[in-house]
Amino acid sequence: MGALFSLQAAKPLALEYDGGCERVALEAAGGGRRWGIRLVCISDTHGLHRKLQVPDGDILIHAGDFTLFGKEEQVKDFDDWLAELPHKSKVVVFGNHENNADWHKRAAELLPHATLLRQGSFLSELGGGGSGPHFFGTDFFWPVKRGTCNPNFDQIPDATDVLIAHGPALGCADGGKGCEALLDTVRRVRPALVVSGHIHFAH
């Protein structure tokens, strides 16, 4: 948890893991634009977020399952915890534990300290020279086979620099359980970074 990635992503993309916490350049997949920002990526905290030692950074990304079985009291504590963190932006998507929770339609009001992405985009203003990276976060979907239609993946714009999906694409830290249709989407969009979780034993 708390991984930092050094990205040199101009189609085709290359990804290099950097276990340290130095500021790195994120290059737009579209070519040329670069941002010196620090992304901190976590997932699957299941109500244990306060046990983490979260590195400082510019943007915190949580790739879902911040609760255990969608308990509403954990949502409130999670949002309070986000408010205590120094990151300028906190971007959150749903995992399977949140997706069918009783409160899921009220999630935006329960998470005022997060930018909650449910099939939505976020354009960061961080980084030099104008606009920063373009984020897209999906709702949670169970994996589907290649060639099976998931119209929600068609909503992911080609301009996406950072794609956040709780469930991983096939072959990407997935323990063999990733989504073939999402992999096809990643190949189409070619984001600089894909952030996922869900398959605990694969991380």
To make sure I understand the rule: partners must be lysines, Cα under 28 Å from the Cα of residue 88, and not fewer than 8 residues away in the same chain. Which ones qualify? 51, 71, 76, 105
Taking the Cα centre of the stretch 102-164 as origin and charging only Cβ (+1 Lys, Arg; -1 Asp, Glu), how large is the dipole, in debye to the nearest 20? 240 debye
What's the extension gain from residue 105 to residue 48 if we count 0.36 nm per residue and subtract their Cα-Cα distance? 18.2 nm
Descending Cα extents along the principal axes, the stretch 27-170, whole Å: 44, 42, 25
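The numbers here are math on the coordinates, done by the rules we state, and not lab data. The structure presented is a predicted model; accordingly, all values stated were derived computationally and were not measured. Reconstructed Cβ throughout: ideal geometry from the backbone, glycine too, with neighbour counts over all protein chains shown.
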